Amino acid sequence: MGIKSFQGSRRDQKKTADNSPIKVKDYMTTNLITFRPKQPVEDVIEALIKHRISGGPVVNDKNELVGIISEGDCIKQISESRYYNMPLEKTTIEKLMAKEIDTIDGNMNIFDAASKFLQSKHRRFPILENGKLVGQISQKDVLKAAMKLKGQNWK
């Protein structure tokens, strides 16, 4: 499994009016819907629909990130199971989830995170601390930060 972590630029970081850095950890979501590798794909589909989310992190018993599961992963499985006439209920997400995961540092400047979203085309980045999942930043979280800061000078 390959986890890539982006720490962001070390150049002069943008600050708020009170002179504090604008950090990812200040805008990340910490109350996450997470999944387990052995969870059936049907359970994940139900959770994605119920919670109106497009995917989520997959963690082990130690809350260590082991993958990401998305709607696209689930749709691919539905398509393949129908083609091969295989029942969905026996499929777990560990075979479907993405294992190559890009993460970003919670101390990264929110504007550097915005650049990472543009470069990577990801919709979300998990945030780890000491190898444990502590949060997730989404494109929508970056937009919320921008709206909160819109009256300030971004130079």
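No lab work stands behind these numbers, since they all come straight from the coordinates. Note that the coordinates shown come from a computational prediction; the quantities given were computed from them, not determined experimentally. Cβ sites come from the backbone with ideal geometry, for glycine too, and all protein chains shown count toward neighbours.
For a straight C-alpha distance cut-off of 12 angstrom, the aspartates and glutamates reachable from Lys23 (same-chain residues fewer than eight places away being disregarded) are Asp105, Asp112, Asp141.
Spin-label pair Glu46-Asn130: with each label point 7 Å from Cα along the Cα-Cβ axis, the two points sit 3.5 nm from one another.
Going by C-beta contacts inside 10 Å, put Arg36, Arg124, Arg52 in order with the fewest on the left.
Least crowded to most crowded, the residues run Arg52, Arg36, Arg124.
A convex hull fitted around the alpha carbon atoms of the range 28-138 yields 100 Å³ per residue.
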